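The numbers here are math on the coordinates, done by the rules we state, and not lab data. Given the structure is predicted, the values throughout are model-derived calculations rather than measurements. All Cβ positions, even for glycine, are placed from backbone atoms using ideal geometry, and neighbour counts span all protein chains on display.
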Amino acid sequence: MYILQKKMRETMPQTPIFSSMLGSSCSGQVQPDMGERCGDPVYQDGNLVSGSLEALIERLVPTMDYYPDRTYIFTFLLSSRVFIHPHELLAKVGQICIKQKQQLEIGSEAEKAKLKSFAAKIIQLLKEWTETFPYDFQDEKSMKELKEIAHRITQCDEENGTVKKIISQMTQNLLMTLSARSQYQEIKEKFRQPVTDKGTILKNKPQSTQKDILSICCDPLILAQQLTHIELERVSNIYAEDLMQIVSHMDSLDNHKCRGDVTKTYTLEAYDNWFNCLSMLVATEICRVVKKKQRTRIVEFFIDVARECFNIGNFNSMMAIISGMNLSPVARLKKTWSKVKTAKFDVLEHHMDPSSNFCNYRTALQGAAQRSQTANSNREKIVIPVFNLFIKDIYFLHKMHTN
């Protein structure tokens, strides 16, 4: 975890601050004296490790002499949703912003002159929030809070057209991102079909027109590559906040807080369903073949596909294929298995051995991750973990640090 945390600090992309708007007063990141104001943040080796929700929210909001570190913004916005809904957090941020704005307005002329710089910092925070976690703004409450804060901040510098332009561009980009996700969900929904309907279609289809997998693709490497393309497409639509949403669903005892709705976990459910579909496809393709010799070829073909997935770094598809071959309808085909060359399959099962908390798999995953860091080609950079184990690991990490 320390290595991961250090890597995040070193590689977290920095959104450029509007230097022309901020001036020289905010070029550095000065730490606010949060300890004196709030009393309870805890630092270890110069790093903030804990604090009350109120104290951490105050640390999130910029002041005249302070802008939060990008890593802190990301970490807090991601983890805070376990304790407070994003629209509630946005409302609290808005209250602090308005309070600071009012203090500057009633202050001296020198303080009033700082309103423009303060406005730029708040806009920068909102811009980073909407770009990093755009789906926090799916519901109307969050959008309403965002518009309210933006409106109040615009009043700090009404003569500056740049401020309005940045806010307008930020809002436009946010709406485009939300629209793209909505369209993705609609497309995926069209392909979702009740199991009974699929069974009816399969029964009504003439036997002569049904093709087995080998007649469509007989090269294990090509099929493994195509499976990896599907995996990457689905993984690309899963975001950090989706994973935290699962944690809150599994862990929350309060049905009215941080539960979210179905749309927020849709991509996770779709990815989990993909694993089950691939497992069922493997079992179906094997069982539907009548001739034992041909069935043996199909089994050996899927073993080779799983091995190619392993070589690519696609552990999720490999596990799905192995799971499909271990389903009861396939496992009971004793005569077929007696003809199969199982040496390769035994190696794959060894990698996925659940003993010692999947120790063999974790070793292979670590090796793939190290290879990815020094890779010279995009193919070598691919690392797709077993999704269900990944989710369980996240949940247990959360349980270890519940307080």
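Computed quantities for the displayed model
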| quantity | calculated |
| --- | --- |
| Segment 356-362 - phi-based ³J(HN,Hα) in whole Hz, Karplus 6.51/-1.76/1.60, Gly and Pro as x | 6, 6, 6, 4, 5, 4, 5 |
| Cβ-based exposure ranking for C309, C97, in which fewest neighbours within 10 Å come first | C97, C309 |
| Among the listed pairs K116/K144; K165/K381; K114/K399; K99/K127; K164/K381, those beyond 32 Å (Cα-Cα) | K165/K381; K114/K399; K164/K381 |
| Phi to ³J(HN,Hα) by Karplus 6.51 cos²θ - 1.76 cosθ + 1.60 over segment 218-226, Hz, x for Gly, Pro | 9, 9, x, 5, 4, 5, 4, 5, 5 |
| Spin-label pair M280/S355, simplified geometry with 7 Å Cα→Cβ offset, distance in nm | 3.3 nm |
| Burial ordering of M244, M64, fewest other beta-carbon atoms within 10 Å first | M64, M244 |
| By average C-beta atoms within 10 angstrom, highest first, the peptides 292-301, 213-222 | 292-301, 213-222 |
| Per-residue HN-Hα couplings for segment 349-355 [Karplus 6.51, -1.76, 1.60; θ = phi - 60°; Hz; x = Gly/Pro] | 5, 4, 5, 9, 4, x, 5 |
| Largest-first ellipsoid semi-axes for segment 211-400, taking √(5λ) over the Cα gyration tensor eigenvalues, angstrom | 31, 19, 16 |
| Most to least packed among 140-147, 82-89 [average Cβ atoms within 10 Å] | 82-89, 140-147 |
| Rough spin-label spacing in nm, given labels placed 7 Å along Cα→Cβ, for L327 and S52 | 5.4 nm |
| Ascending count of other beta-carbon atoms within 10 Å, so fewest first, for W129, W274, W337 | W337, W274, W129 |
